[in-house]
1. For the stretch 121-156, which positions are of a type in the set (Phe, Trp, Tyr) and surrounded by fewer than 19 Cβ atoms within 10 Å (Cβ to Cβ)?
2. Restricting attention to the stretch 123-154, which residues are in a helix (DSSP H, G or I) and of a type in the set (Ser, Thr, Tyr)?
3. Taking the stretch 44-60 on its own, how many of its residues are closer than 23 Å to GLU285 by Cβ and under 18 Å from the mean Cα position of the chain (by Cα)?
4. Is there a residue in the stretch 287-300 that is surrounded by fewer than 19 Cβ atoms within 10 Å (Cβ to Cβ) and not aliphatic (A, V, I, L, M)?
5. Does SER33 count as in contact with a strand residue (DSSP E or B) (Cβ under 9 Å, 6 or more places away or on another chain) and of a type outside the set (Lys, Arg)?
6. If you scan the stretch 165-204, which residues turn out to be within 25 Å of ILE103 (Cα to Cα) and either free of Cβ contacts under 8 Å to residues at least 60 places away in the same chain or acidic (Asp, Glu) (or both)?
7. Being outside any strand (DSSP E or B) and either among the polar types (S, T, N, Q) or touching a strand residue (DSSP E or B) at 6+ places or on another chain (Cβ under 6 Å) (or both) is the filter here; which residues of the stretch 1-19 pass it?
Amino acid sequence: MAKSVVIRSLGISLPKRRVPNEELARQLHVDTSDEWIRSHTGIGWRHMIDDDQTNSDLGAAAAREALVRANVDPASIDLIVLSTTTPDYIGCPSTACLVQDKIGAVNAMAFDLAAACSGFVYGLSVAKGLMLTGQARRALVVSSEALSRITDWSDRNTCVLFGDGAGAALLECSDDSDQGILNARLKADGSGWEYIVVRDGGSAHPYQAGHMANRKPPVLEMKGKKVYAFAVKILPEILQSLVDEAGITMDDVKWIVPHQANGRIISAAANQMRIPESRFFMNLEQRANTSSASIPIALYELEAQGGLARGDLVAVVGFGSGLTSAGALIRW
């Protein structure tokens, strides 16, 4: 039986259309500007999918790159766990099954996981559990988001935040217990479910014939101050619990890769933990908030920039709708 699960390779997919704040401000019928967006969020650009693209297109492209980089046959994949807030279809079929078909992973079990911005870390933990019990030797954890499809473009407080994109991690079993995903911490607080919610379209608020004329399409609603308070509190808690469980200190962690939600959240958490912001890897300015895809995209770009070497200890931490939160320690 394998002793650990390692990340063999990463892949990403970013839509070709890259929208700067200035262009977004011109297109929106809200009072905003590049200066306002940057000062309140730290975001400068975001990627947005074309009308003829789907979320599963992004997820499949990211998965293919991870496979190509590792020179792995898709038929050898045993498991696909896909995290998303924006599935191609509500309920069924799963977006994971669409990705499985598109990449030719004909032998893989596949399912979606709904943990919002914590989804990638949840996915790593779920995949690791299945792999260490012998149900899979090789897996893909894919996080794919098309948030522009559920954005309320009349709400200044949310419409400037989000971008589209996907990230994928190819996981393999290993006999080296000191490498890979060392430990994880997953949490949820359902009492805050209404802080980030898409109300319409599900079984609680189904579509009804003749009732849609005066209603908006399903869009994301967010209580920003509540989410900010939750994130600033939970991020340090998750990180501290990870290092305490591992019997190490934060000084042993080379990089912290957080969910790329808002620059103010990371600044506040870093200040609270007395950790230099330079140890938090951020690509928020370029990519905006891509929900569950933000962590794998950030990991990919950190590695591409030469920031990760074998043996480095990395902490990843996510937080989002549900409310959910999750962190993991990874030995690269």
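1. Keep residues of the stretch 121-156 that are of a type in the set (Phe, Trp, Tyr), which gives 122, 153.
Result: TRP153, single match.
2. Just the residues of the stretch 123-154 that are in a helix (DSSP H, G or I), to begin with: 123-132, 147-149.
The answer is SER125, SER148.
3. Total satisfying the criteria: 6.
4. Residues of the stretch 287-300 that are surrounded by fewer than 19 Cβ atoms within 10 Å (Cβ to Cβ), as a first pass: none.
So far as the stretch 287-300 goes, no, none of its residues is surrounded by fewer than 19 Cβ atoms within 10 Å (Cβ to Cβ) and not aliphatic (A, V, I, L, M).
5. On the way: in contact with a strand residue (DSSP E or B) (Cβ under 9 Å, 6 or more places away or on another chain): no; of a type outside the set (Lys, Arg): yes.
No.
6. Result: GLU172, single match.
7. Just the residues of the stretch 1-19 that are outside any strand (DSSP E or B), to begin with: 1-3, 14-16.
Listed by number, the residues that qualify are ALA2, LEU14, PRO15.
Every read-out reported here was derived from the displayed coordinates using simple, explicitly stated rules and does not represent laboratory data. Keep in mind that what you see is a predicted model, and the values were worked out from it rather than measured. Don't worry about glycine lacking a Cβ; one is built from the backbone with ideal geometry, like all the others, and counts go over all protein chains shown.
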